[in-house]
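What follows is a short report on a single structure.
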Amino acid sequence: MGDKPTGRPTQIRRVLNGLDAVTFGLTGRFATWFDEKTEGAVTGWGHRELYRMRQFGLRVRAATAARDLRLLAGPRSRDIAVAEGGDRPTELRDPRQEAEERMRKRAGRQTILFASEMRPTLAGNLLSIYERMCERGLDSEFDIRFSFRTLDQVTQEGTAQLASELAAADIILIDDYFPLLNKVTLRHDQKLIQVWHAGSGFKSVGYSRFGNYGSPRLTDTHRKYTFAICGSTHLVPVYAEVFGIPEDAVIPTGLPRIDSFLDPVRSERVKADFADSYPQLEGRKKILFAPTFRGEGAKSAFYDYSRLDFERIYEMCGDEYVFLMRMHHFVAGAPPIPAEYADRILDFSHFPNGNDLLHSIDILITDYSSILYEFSLLDRPMLFFAYDKDLYSATRGFHRDYDEMAPGKVCNTFDELIQALETADFEEWKVERFREENFDHIDTDSSDRVIDQLILDDPRNQPEAIEAAEREIVRFELARRLGAEQFHVDHPDHVAARNVVADYLRLDSAVEETAEDSAVETPGEGVLSSADDREVLT
């Protein structure tokens, strides 16, 4: 924390970034305009061509990103700053002294900021954590503050106030990407905790998209997180890659919002509320169609409705089913449901709480959305309509094999989707495997684990974490010396750095056996055993 990366992008990266902004920005806006003007008649062709352009851009960036990939392998912003030719970062601190300071600070009244730049109100994981803190009486032990706004609510005055709140907070909890943190330097004694709003889906986000258009920069908000949470030990490396942070900074507490989702009393209440609100649906099985968006983001988001045959959906439903459509909130406008089919096909995009809706659903149809995460806990069938799987994989990307991990039957065409519904071919056996890999805990205690492990305590205070931090200090010193030599930084001991690194690279098992006799003395750093040195480098 507190590091201020000062990396200087090379000329070729400036050129690439400029080409991205011009070509992809203009083509994205043109495609959206063209789609509206043609009423979707040429959507398939237009977006296939756009995807081909993006694939070309991906190849170009990948061909010139070898250095960036090497740097990303060691997720430390201070290493990147040195390697790119920046100034020496904040002076390294004794990890044991830092742990003592954190323990002392716990005795005082700390300030906690719950914040989001993507939602207007307290909701999701943040709401669950706050409500549980209140239930435990912790709201009186902390000074709790809030900041919630969306991008269209941003003002200069509001940004200045938020920057002040960020600077004053001891603990900051966020649940989505937070652009302002790119401009804010956090103190080393602050904790920034990412309680990501989505569960485990398939689509690549964050640094899983590295090298593609829209991926984060090397020194991005994501890499400032002190801790991030996830649902299982199996997902720790996935989230570490997504955020570009060490695996020991990803804590598998489970997602707090699952607490209320699994609360049996609340579940019965929301089902009863649904039945009272929609009596016309009583006695009919409910299919929820909830895909993610296509496009680069909120401004260019769309869904290709031409892939759906509303007449066939209507006929398939008959008197047994209703087909509820809940589109991603990035997709503007209601789905084009013909008026004559509105008794069996309904738009539920504005239903207030998506998780509450799931309790009343019998079958879920999605694609790459993380909505499958919660639904898998209900042990009900799912289908995956992935008509553009190959294009989506090439442009957006998956962080794991789609067909292998989908907890239900994957349908590549609309005909396959209808046939699976008509024959009840759901491949439900995949659901149990998905739960085992994505949930260490299926209970209502995730909020308590976040509070106890990350707010009231700090994993960095554990002895093994302190020892790892001490090794990190040594590793950084070696990286700094290597960076000074490799990137020609004007550093007084760059010649010594070359010699030290050369010595390390020559180490082999024979030297390791005689580590005591072949200890390497690093200029100004004391003596380090060869075995330890090689461990640090690897």
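The values are calculated or read from the model by the stated rules, or taken from the named source; none is laboratory data. This is a predicted model, so every value here is computed, not measured. We place every Cβ from the backbone using ideal geometry, glycine too, and count neighbours over all the protein chains shown.
Is it fair to say D390 is within 25 Å of C317 (Cβ to Cβ) and not assigned by TED's automatic domain parsing to the domain that holds R119?
On the way: within 25 Å of C317 (Cβ to Cβ): no; not assigned by TED's automatic domain parsing to the domain that holds R119: yes.
No.
Got a sec? Which of D415, D448, D457 is surrounded by fewer than 17 Cβ atoms within 10 Å (Cβ to Cβ) and either of a type in the set (F, W, Y) or at pLDDT 95 or above (or both)?
Values: D448 fails: surrounded by fewer than 17 Cβ atoms within 10 Å (Cβ to Cβ); D457 fails: either of a type in the set (F, W, Y) or at pLDDT 95 or above (or both).
Step by step, each of D415, D448, D457 is checked, and only D415 is surrounded by fewer than 17 Cβ atoms within 10 Å (Cβ to Cβ) and either of a type in the set (F, W, Y) or at pLDDT 95 or above (or both).
A386 versus (1) small (G, A, S); (2) surrounded by fewer than 18 Cβ atoms within 10 Å (Cβ to Cβ); (3) touching a Cys at 6+ places or on another chain (Cβ under 9 Å): which is the lone unmet condition?
(2)
How many residues are closer than 15 Å to Y392 by Cβ and buried (at least 18 other Cβ atoms within 10 Å of the Cβ) when one looks only at region 301-327? Quick ask: steps written out before the conclusion?
Residues of region 301-327 closer than 15 Å to Y392 by Cβ: 301-304, 307.
When the remaining residues are screened for being buried (at least 18 other Cβ atoms within 10 Å of the Cβ), the result is 301-303.
Selection size over region 301-327: 3.
Only one of these conditions is not met by R400: (1) crowded, with 17+ Cβ neighbours inside 10 Å; (2) in contact with a helix residue (DSSP H, G or I) (Cβ under 8 Å, 6 or more places away or on another chain); (3) outside any helix (DSSP H, G or I). Which number is it?
It is condition (1) that R400 fails.
Which of the residues spanning region 115-125 are under 18 Å from the mean Cα position of the chain (by Cα) and either within 11 Å of F148 (Cα to Cα) or not in a helix (DSSP H, G or I) (or both)? It would help to see each step written out before you state the result.
So the first thing to find is which residues in region 115-125 are under 18 Å from the mean Cα position of the chain (by Cα), and the list is 115-119, 123-125.
Selection gives A115, S116, E117, M118, R119, A123.
Please enumerate the residues belonging to region 140-195 that are closer than 17 Å to L454 by Cα and either touching a His at 6+ places or on another chain (Cβ under 6 Å) or not assigned by TED's automatic domain parsing to the domain that holds F243 (or both).
Selection gives D175 alone.
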